[in-house]
Amino acid sequence: MLPKGMGNISGLLKQAMDVKGKIEELKESLANETIEASAGGGMVNVVMTGKFEIVSLQIDPDVIDKDDPEMLETLVRAAVNEAVRKTQELVKSRMTEITGGIDIPGIT
């Protein structure tokens, strides 16, 4: 027989291991999900995986101007930042489903 209170610790450890397994499954599934974002009315488009990897970056040839590279840089930066923001929201949403809304530092 376990000392008083040890059963609760055992249950908590099992729950923690279950959550850890679900988080690992989530990480694997996020690698197969894509998030799309654009800037400049679609002149720059980015596709990113749920693991924050850019798989596609498309730039409308009309926006490529050798006399104004800063505009293109701004549009690319904006599209990538939007893709990152959307990916963070996706990860946070999926993590909330797994953890029941408990914020676990360092996971998201």
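The values are calculated or read from the model by the stated rules, or taken from the named source; none is laboratory data. Everything quoted here is computed from the prediction, not taken from an experiment. A quick note on method: Cβ atoms are made from the backbone with ideal geometry, for glycine too, and the neighbour counts reach across all protein chains shown.
Any residue in the stretch 23-31 that is part of a loop (DSSP other than H, G, I, E, B) and either at positive phi or surrounded by 15 or more Cβ atoms within 10 Å (Cβ to Cβ) (or both)?
No; the residues of the stretch 23-31 include none that is part of a loop (DSSP other than H, G, I, E, B) and either at positive phi or surrounded by 15 or more Cβ atoms within 10 Å (Cβ to Cβ) (or both).
Filter the stretch 36-63 down to the residues that are outside any loop (DSSP other than H, G, I, E, B), of a type in the set (D, E, K, R) and in contact (Cβ under 8 Å) with a residue 24 or more places away in the chain and list them by number.
Glu36
What is the residue count in the stretch 69-83 for residues that are among the β-branched types (Val, Ile, Thr) and surrounded by 16 or more Cβ atoms within 10 Å (Cβ to Cβ)?
Qualifying residue count for the region: 2.
Considering only residues that are at pLDDT below 80 and polar (S, T, N, Q), which ones fall in the stretch 11-35?
Scanning the stretch 11-35 gives a single hit, Gln15.
If we scan the stretch 89-105, do we find a residue that is loosely packed, with under 11 Cβ neighbours inside 10 Å, small (Gly, Ala, Ser) and modelled with pLDDT under 80?
yes
For the stretch 81-102, what are the residues that are more than 21 Å from Asn45 (Cα to Cα) and without any contact (Cβ under 8 Å) to a residue 60 or more places away in the chain?
Lys92, Ser93, Thr96, Glu97, Gly100, Gly101, Ile102 - these are the residues of the stretch 81-102 that are more than 21 Å from Asn45 (Cα to Cα) and without any contact (Cβ under 8 Å) to a residue 60 or more places away in the chain.
Here are the criteria: (1) within 10 Å of the chain's Cα centre (by Cα); (2) among the basic types (Lys, Arg); (3) exposed (fewer than 13 other Cβ atoms within 10 Å of the Cβ); (4) part of a loop (DSSP other than H, G, I, E, B). Tell me which single one Lys66 does not satisfy.
All conditions pass for Lys66, except number (1).
Considering only residues that are surrounded by 13 or more Cβ atoms within 10 Å (Cβ to Cβ) and small (Gly, Ala, Ser), look in the stretch 32-63 and name the one that is farthest from Glu89 (Cα to Cα).
My answer is Gly40.
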